[in-house]
Structure formats: structure tokens, C-alpha cells
Amino acid sequence: MDYKYIEQLLERFWQCETSLEEEQILRTFFQQKEIPAHLLSYKHLFVYEQTAKEVKLGNDFDAKILARIEKPVVTAHHVPFSRHLRPLFKAAAVVAIILSLGTAAQRSFHRDIETDYNYDTYKDTYTDPQVAYGEISEALMSVSESINKYQEQYANDSVAVAAANTEDNSQVAPDSIKKE
Amino acid sequence: MKRALTIGCTIVFTAATAMAQDFVSRYMWENKHDTLLHCVSVSPKMMEEVLKTDAKDEVQEEMRNIMMDLKSMQIVSSQTKGDFYFNKAEKIIEKNINRFEPFISFNDSNENCRIMVRKKEGVIIELVMFSHKNDHFRIINFTGCMNEHFIDNLAKTMIPKQEDKD
């Protein structure tokens, strides 16, 4: 079969020289089932025009568009309880940091000779101050007694050492008292 | 949230651990299961109450003046195993040699005694006396602000017990 005429029409089509009738001839030709292999690549071009014409909007298109435009889209977003408290925790942490820094600064600026002991662990043995007074007095007496005893012994040993040095011209170290 | 909690806990823990332990607290912590040791405590609050009591005579007045420099007191005692507990106390001192400095120590035929002090800016803030006598053991632990004047007053004004003097 000679397809020279079709080829010429195609040539003129690309040159934009075809008339509407000639373009209709081409469309009709390419709608055939059997098309030669060397012209097959042009089929889609002419068939597409035909099939595209057949594509139409569905009956429910308007309804779908209107539904999308008119109804606001509300999506439920679940927020856990802990997230609600997050600002509170952050605020608490900030307050704790500020308080700690403040206390530290206060301590460093006002460095009184304060004991740094943790007295919270102390459990008072006595509830009566008079009884506690007696116990403290006795303890103070014991410490006082030890200091006096030390001073007394140290003085005695010093005298003994001095005497020994004088007599023997040799040094004798006191063994009973360790001088700190 | 976890980060905030961690920061908070860290701050609280740091603040808690920053507080130091006195000698007796440490000693009792190391011997917490020992039922032979008896501990007596006078907290700063009770010390304040004690200072509010009226002095009956001059001696008590002097005593009160000395107590004004004290903040707390703890006493640990045992009627037995004096030597054993004394050695334990010495070990704690050895472990904390930078914390305490020796003040006096003596030992005679029946008594072994040491007084250690902890100083801060030249002032004694803790005084520890531990002694071992006739198998009895005792630690006396004072905290407060004690200067040289306090020690002088303590040595001069306190009347030693007559029975121990003999």
C-alpha cells in the first residue's frame, strides 16, 4: 500500500500548511487499526486529540469541589497531659536554678564563719533544755579537764627534761605526751 | 520534661551533698549497726533553748558564755571495747587528715585522749575529743565558732571533776 499521500500530508502538517480537511484526513487515518510501522510513532498525537476530547468532568465534580471549599477542615490533635505541664516544669527548673545560683552567690559574698554542717540529721535526745544543759556542761568539763591535764603533764615533763638535761647533759624526750 | 526534672533533681542533690557531716555523724554512719554505741545529740535548736535558760550562779553564767560559741553537740559512748572504738575513731581521722588538725593528745597509764579541731578561716568550727579510759570510750563533738579565747575560757573556768583529778 502506498502511503506517500499520508507522508506528504504529515510533511505539510509539520510545516503548518495543512488545511482543516487535510488534518481530519490524518486523524481518520491514524484511527485505523493497521498502521505501518514507520508511521506508528505519530499515532498517539492524532489519537490523543480524539481521546482528550472524550474526557469530561464527572457528575459529582461540582459537589466535591463545593464540599472542599465550604467545609473547614478540622483535625483533632491529641495533646498528652504531660505536655500541658511542660511549661510548669520549665518554670520550676528555672526558679530552682535561680535560687541555687542566688544562694551560692549570697554565700560567696557574705562569707561569715558559718558551719556548713547538715543539722537536719540531728535528733535531739533531750526535750528538756535543763537536762541538755547538764549534759553539755559535763561534756565541756571533760574537754576542759583534758586540756588542763595535757597542760599539766606537758609542764611536768618539760621540767623533768630540763632537769635531766642539766644533770646528764643529755636530752630525754617525754614519751607520755605528744605535743601537737 | 525529663530534662527539667533531671536538672531539678541534680540541683537538689548537689545542694544536699554540699552539706558536710560532722565527725560523730560520720562515725555513727560507719558503725550504724553497732548496738553498743550510744549517741546523744543536742541540735542547734535545742542549744538555743539551753541558752535561754536562766543562770543560777556565776559558774553557770560563765558556762553559758562559753556555750554561746557552740552550735551543736553530739556524744558517742560505749562502756566496753574502748580500745577498739578508739582505733576506729583514729582511722576516720587518718582518712580525713586534711579536714582535722590535731590540737592536743596525751596518754597515760589508764587514759588515751585526743582532741582534734577543724578550722575555717582561723576559727575552730568543730572540736572533737575522743578518749579511751578503763575500756570505756567516748567521743565529744562540738560544732560552732570557737576561737582561742573560747579555748582559754574553757581551760580556765571549767572546774575539773574532783574524782578524776585524784
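The values are calculated or read from the model by the stated rules, or taken from the named source; none is laboratory data. Predicted model, so just to flag it, every value in this text is computed and none were measured. All Cβ positions, glycine included, derive from the backbone under ideal geometry; neighbour counts span all protein chains shown. Just so you know, the surface numbers come from the protein's heavy atoms only, side chains and all, with ligands and any DNA or RNA stripped out. Shrake-Rupley method; radii C 1.70, N 1.55, O 1.52, S 1.80 Å.
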Being loosely packed, with under 10 Cβ neighbours inside 10 Å and free of Cβ contacts under 8 Å to residues at least 40 places away in the same chain, is that true of even one residue in the range A:43-52? yes
Can you work out which of the residues in the range B:93-117 that are surrounded by 22 or more Cβ atoms within 10 Å (Cβ to Cβ) and more than 7 Å from chain A (Cβ to nearest Cβ) is nearest to residue B:74 (Cα to Cα)? B:116
Selection status of residue B:56, part of a loop (DSSP other than H, G, I, E, B), open to solvent by 40 Å² or more (accessible area, probe 1.4 Å), under 18 Å from residue B:141 (Cα atoms) and free of Cβ contacts under 8 Å to residues at least 60 places away in the same chain: no
Given the conditions (1) more than 60 Å from the chain's Cα centre (by Cα); (2) open to solvent by less than 70 Å² (accessible area, probe 1.4 Å), and given that residue A:58 satisfies all but one, which numbered condition is not satisfied? (1)
Of the candidates B:111, B:61, the one satisfying the condition of being of a type in the set (Asp, Glu) and over 20 Å from residue B:150 (Cα atoms) is B:111
Among the listed residues A:68, A:83, which satisfies the condition of being open to solvent by 100 Å² or more (accessible area, probe 1.4 Å) and modelled with pLDDT of 85 or more? A:83
Among the residues of the range B:70-86, is there at least one that is out of contact with any His (no Cβ under 9 Å at 6 or more places or on another chain), within 12 Å of chain A (Cβ to nearest Cβ), open to solvent by 20 Å² or more (accessible area, probe 1.4 Å) and at pLDDT below 90? no
Strands (runs of 3 or more DSSP E) wholly inside the range B:65-166 containing at least 3 residues that are more than 25 Å from residue B:45 (Cα to Cα): B:101-107, B:111-120, B:123-133
In the range B:124-159, what residues are at the interface with chain A (Cβ under 10 Å from one of its Cβ atoms), at pLDDT 90 or above and open to solvent by 10 Å² or more (accessible area, probe 1.4 Å)? B:131, B:138, B:145
